[in-house]
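One structure is given here, and the rest of the page talks about it.
Just so it is clear, none of the values below were taken in a lab; they were calculated from the coordinates. This one's a predicted model, so the numbers in the text were calculated from it and none came from an experiment. In this analysis, Cβ positions are derived from the backbone assuming ideal geometry, glycine residues included, and neighbour counts consider all displayed protein chains.
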């Protein structure tokens, strides 16, 4: 196997788009906490640790799924022979170690979040992925915690903590809707997702409950005085879109989960707009 093929295979293991996106979410968490300019080194370390940890998690997931991928995803790096299983495991461990080194330069709360996330990434495939509902919650926590980690890195988890809660709860909803969408295929593969375990409608009601909790949390940054009216102007349509998508999921889960994704992006934008407006007011 040529060196170029191996390097390309290692890069594929990281899921670069997903890993960089996770780093961007951490940056947003630091930004809405108001710490990017005041703590540039901490922000950079947090973003780097997130990218490396996400890359490591993706690589270890491919290592554990290598036998399934030989059947379902033969084009992936390990099944096609670009990277050996041992090479993928070693690469994952190197990324984990580098992520830990960067995380240890951060405040104690950020280190604690990083430690929990690293353990969750390592345990996800073997322990949580096959448990109905639990896998959804772990994925949702890991996605939302990038915002929390960014805020903790610069010493303020106020607004970032609310965004974490909003993102995690709405992600639970979207993950459940996706499981409903994939119900037949998951049954054929012998998976035990939440809709399979308790039924489609009950699973969607669980998802709807999670989203309602997210909606109830959404005004908190305004009520706390973190952000002003500009935040509300963007977050209200975001939560309205997500509520409508959740209602729609009972009839059309495919369209609903896409709309949930757009609503989540819009909600994140609301926090950015809120911080921009707050910074502008301070400058004036």
Exercise. Which whole-angstrom value gives the distance between the alpha carbon centres of the stretch 220-284 and the stretch 1-72?
Worked result: 25
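By how many nm would the segment from residue 201 to residue 37 lengthen if fully extended, with 0.36 nm per residue of separation less the alpha-carbon distance?
Working: separation 164, 0.36 × 164 = 59.04 nm, distance 4.69 nm.
Full-extension gain reported as 54.4 nm.
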Problem set entry | Within a Gaussian network of the chain (alpha carbon springs, distance under 10 Å), most fluctuating of 158, 135, 190 | 190
Exercise. In terms of the ratio Rg/(2.2 N^0.38 Å) built on C-alpha atoms, what value belongs to the stretch 12-158?
Worked result: 1.06
Exercise. Taking square-rooted eigenvalues a ≥ b ≥ c of the alpha carbon gyration tensor, is the stretch 110-183 rounded, prolate or oblate, where a/c under 1.5 means rounded and, failing that, a/b exceeding b/c means prolate?
Worked result: oblate
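Just check the stretch 1-68 against the gyration tensor rule for me: Cα atoms, a ≥ b ≥ c as the square roots of the eigenvalues, rounded for a/c under 1.5, and otherwise prolate or oblate depending on whether a/b exceeds b/c.
In terms of gyration-tensor shape, prolate.
Between residue 90 and residue 21, what length comes free when the chain is fully extended (0.36 nm per residue of separation minus the Cα-Cα distance, one decimal in nm)? Please list the in-between numbers first.
Working: separation 69, 0.36 × 69 = 24.84 nm, distance 2.36 nm.
The residue 90-residue 21 span can extend by a further 22.5 nm.
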For this session: Mind telling me which of 51, 100, 229 comes out most flexible in a GNM of the chain, alpha-carbon contacts under 10 Å?
Result: 229
Problem set entry | Value of D in µm² per second that Stokes-Einstein yields for the chain, Kirkwood Rh from Cα pairs, at 10 °C (1.306 mPa s) | 81
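Let's test the formula: R0 of 25 Å, r as the Cβ-Cβ distance of residue 68 and residue 7. What FRET efficiency results, to the nearest 0.05? Show your work: numbers first, answer last.
On the way: r = 25 Å, r/R0 = 0.99.
Once the sixth-power term is evaluated, E becomes 0.50.
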Problem set entry | Kirkwood-based Rg to Rh ratio, the stretch 156-256, C-alpha trace | 1.07
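Would you mind classifying the stretch 212-252 by shape? Square roots of the alpha carbon gyration tensor eigenvalues, ordered a ≥ b ≥ c; an a/c under 1.5 is rounded, otherwise it is prolate if a/b is larger than b/c and oblate if not. If you can, show how the numbers build up before the last one.
Numbers: a/c = 6.34, a/b = 2.35, b/c = 2.70.
Oblate is the answer for the stretch 212-252, as a/c is 1.5 or above yet b/c matches or exceeds a/b.
Do you know the relative contact order of the chain, to the nearest whole percent, from alpha carbon pairs under 8 angstrom that are 6+ apart? Before the final figure, lay out each step's value.
Numbers: 425 pairs, mean separation 52.6, N = 284.
Over the chain, the number comes to 19 percent.
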Seminar exercise, completed: Computed over the stretch 229-281, the distribution of all Cα-Cα distances in 10 Å bins, rounded to whole %, is 30, 40, 21, 8, 1
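Computed FRET efficiency, Cβ-Cβ of residue 184 and residue 123, R0 25 Å: what is it to the nearest 0.05?
Values: r = 28 Å, r/R0 = 1.13.
Efficiency at R0 = 25 Å is approximately 0.30.
Just to verify a number: FRET efficiency for residue 104 and residue 254, C-beta to C-beta distance, R0 = 45 Å, to 0.05?
Details: r = 43 Å, r/R0 = 0.95.
Result of the calculation: an efficiency of 0.55.
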Exercise. With the chain treated as a Gaussian network of Cα nodes joined by springs under 10 Å, which of 232, 142, 166 yields the largest mean-square fluctuation?
Worked result: 232
